[in-house]
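See below for the structure under consideration.
What follows is calculated from the coordinates using simple rules that are stated; it is not laboratory data. This one's a predicted model, so the numbers in the text were calculated from it and none came from an experiment. In this analysis, Cβ positions are derived from the backbone assuming ideal geometry, glycine residues included, and neighbour counts consider all displayed protein chains.
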């Protein structure tokens, strides 16, 4: 238990002790006077129950005035979330209206709006390369502005998206070597990556990058933006067929302990924020006790006053 004002508690308990001492001295003098006069003392200790309850009420009020609070464990969503958003040419397809990228941006904005201030959110835009457009921050307006600035360009490398997201989480460069090795980046169990992509990958390091994330305790939730039927998109004067590749996105999520969320239309994307479970952390938070103690004190004071009136016909 913690106190917001220890001096108030000390003063209140001293006052309570003084009242108790005065009550005892007064009772002894009264008993002695009645005995000396040959009058029987009525009621025994029960005669002073009202006074005892009143003094107890004052003592409880003294404790309440000190602002006591109990530290209780409270689970809450907290940690770091990186939104990795695919901005490759295939995200310009319109099989999800108005385009895959525009739909992903809308879903990402809704996701940010649904998060409490205890979650730091960053944004990584990726195509063949990747760029951290907003570092993790509790100020979610930074992430929202970064999402709004996204533009389509280039091919797709999901492996690069993962390593860039890990770099944003750890604050140091993370890269997978040609032999599949990667530096030890520590353990980050409170971090999560949410990847919006159509899954079309042109890099070969996806499995290695996902394994690095798994070793770091980082879950990756993947959101498949697009349809398996696909659509055509114009790139450098050519029309190319592009469709949702769910297998790769599912494998990434499974490897890292995350989940894959198919989103073949705008309505399903709008509900993504409600389907992705972030990490729950348990932190000790103060639970004020003053209100309950004040209620108890008032009950004691009321009972004490009532008993005193019934016994003597007067409040004191």
Checklist entry - Going by alpha carbons, how many degrees (0 to 90, nearest 10) lie between the helix axis of 206-215 and the longest principal axis of the chain? => result 20
Checklist outcome for this item: Nearest 10, in degrees from 0 to 90: the angle of helix 246-256 to the longest Cα principal axis of the chain is 40
Checklist outcome for this item: Under the rule rounded for a/c under 1.5, else prolate if a/b exceeds b/c, else oblate, using alpha carbon gyration tensor axes a ≥ b ≥ c, the range 187-278 is classed as oblate
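Counting pairs of alpha carbon atoms under 8 Å apart in space and at least six apart in sequence, what relative contact order in percent does the chain give?
24
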Next on the checklist: With just the Cα atoms defining each centre, how far is the range 13-29 from the range 220-242? Give it in Å.
Outcome noted: 84
Checklist entry - Of all DSSP beta bridges located in the chain, what percent are antiparallel, nearest 5? => result 45
Checklist outcome for this item: So for the range 84-208, using the alpha carbon gyration tensor with a ≥ b ≥ c as root eigenvalues (a/c under 1.5 gives rounded; past that, a/b versus b/c decides prolate or oblate), I'd call it oblate
Next on the checklist: For a distance above 30 Å, tell me the whole-number percent of Cα pairs in the chain that qualify.
Outcome noted: 52
Checklist entry - Assuming R0 = 45 Å, what is the FRET efficiency of residue 3 and residue 32, from their Cβ-Cβ distance, to the nearest 0.05? => result 0.65
Item to check | Principal-axis tilt of helix 6-36 within the chain, Cα atoms, nearest 10 degrees | outcome: 20
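Cut-off is 10 Å between beta-carbons; in what order do 71, 91 appear when sorted fewest neighbours first?
Taking fewest neighbouring Cβ atoms as first place, the list is 71, 91.
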